[in-house]
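The values are calculated or read from the model by the stated rules, or taken from the named source; none is laboratory data. Note that this is a predicted model, so its numbers are computed, not measured. Using ideal geometry, Cβ is built from the backbone for each residue, glycine included, and neighbour counts are taken over all protein chains shown.
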Amino acid sequence: MPLLCMLSAAVVADDYVSLAGGPFHSSLRFGNGDKAVFVAGYQLMSRPVREAEFLAFVETHPQWRRDRIPALFADAGYLAHWPGPLTPRSEALDFPVTRVSWFAADAYCRAQGARLPSWLEWEFAAAADDRQTDARDDAHRRQRVLTGGTPGAYRAAGESEPNVYGVHDLHGLVWEWPWDHASLMAAADSRNVDTENPLRYCGGSALAFSDRRDYAVIKRVALLSALSARTTLSNLGFRCAKELP
């Protein structure tokens, strides 16, 4: 029996929460000094996309299998941790899917009638803790995020305590692709990053921060700004977003 047939109904990726949005002081500087930017209301998956869900996607969209995807859309690491093109590790089906390129993440979300969240949407949700919608001024919270270490996709998605919006795992489990990751770069187009020096982007991005205390976000931007859209990493996953109904 195909593995997909043995999966429970829990693999359905319809677990979204609604965020009303509003004025937001991003840790990035968007050419407006320290003024707030407005984040429109949106829906966000409460947890990262899981291996079982991505398996269902490649079963029904075989052009995104690792043995069929064109090199233009993913590097050689794409789903390389799966024992076979349609056989993720059975013990990790609830873990966040990783080694997925931006192109594949975008295709997955589109197939669900959704999209990747923008950087501001991700940052807006990630600013919250379990008590406050914006906890970035809490020094203890900043320290907890930092001491969580580099994400490693080491457990099931959605097991952490949710923030006040009901969103899990925005810190500590995986890095996540935003829709507009290329706009975080300080210089050349991300499609050419393989021929450039990634440290050039990391250093340039740091200059664009309005709040350098938010070192967890600085690390994330430094990583994302150094990636090509075809890059895959063992601790880089994604979640999807939707417009409010």
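If I ask for residues that are among the aliphatic types (A, V, I, L, M), under 13 Å from Met45 (Cα atoms) and in contact with a Pro (Cβ under 9 Å, 6 or more places away or on another chain), which ones from region 81-126 would you list? Of everything in region 81-126, those that are among the aliphatic types (A, V, I, L, M), under 13 Å from Met45 (Cα atoms) and in contact with a Pro (Cβ under 9 Å, 6 or more places away or on another chain) turn out to be Leu116, Ala125.
Within region 154-184, restricting attention to residues that are within 17 Å of Ala216 (Cα to Cα) and aliphatic (A, V, I, L, M), the residue that is farthest from the chain's Cα centre (by Cα) is Leu184.
Just name the residue that is farthest from Leu170 (Cα to Cα) out of those in region 89-107 that are in contact with an Asp or Glu (Cβ under 8 Å, 6 or more places away or on another chain) and outside any loop (DSSP other than H, G, I, E, B).
Initial filter on region 89-107 (in contact with an Asp or Glu (Cβ under 8 Å, 6 or more places away or on another chain)): 89, 92-97, 101.
If we keep only those that are outside any loop (DSSP other than H, G, I, E, B) too, we end up with 92, 96.
Numbers: Ala92: 19, Pro96: 12 Å.
Ranking the qualifying residues of region 89-107, first place goes to Ala92.
The residues in region 83-116 that are out of contact with any strand residue (DSSP E or B) (no Cβ under 8 Å at 6 or more places or on another chain), in contact (Cβ under 8 Å) with a residue 24 or more places away in the chain, more than 24 Å from His181 (Cα to Cα) and not charged (D, E, K, R) can be counted, and the count is 6.
A count restricted to region 115-154 and to residues that are in a helix (DSSP H, G or I), buried (at least 20 other Cβ atoms within 10 Å of the Cβ) and of a type in the set (D, E, K, R) stands at 2. Restricting attention to region 31-86, the residues that are among the charged types (D, E, K, R), farther than 26 Å from Leu19 by Cα and part of a loop (DSSP other than H, G, I, E, B) add up to 5.
Screening region 55-80 for residues that are surrounded by 14 or more Cβ atoms within 10 Å (Cβ to Cβ) and in contact with a Pro (Cβ under 8 Å, 6 or more places away or on another chain) and picking the one that is nearest to Ala107 (Cα to Cα) gives Val58.
Per this entry, Ala52 is counted among residues that are within 14 Å of Gly237 (Cα to Cα), touching a Leu at 6+ places or on another chain (Cβ under 9 Å) and either of a type outside the set (Val, Ile, Thr) or at pLDDT 95 or above (or both).
Give the residue that is modelled with the highest pLDDT, with candidates limited to residues of region 1-45 that are surrounded by 20 or more Cβ atoms within 10 Å (Cβ to Cβ) and polar (S, T, N, Q). Within region 1-45, the match that is modelled with the highest pLDDT is Ser26.
Remark: Pro96 falls outside the filter, which requires a residue to be surrounded by fewer than 18 Cβ atoms within 10 Å (Cβ to Cβ) and out of contact with any Cys (no Cβ under 9 Å at 6 or more places or on another chain).
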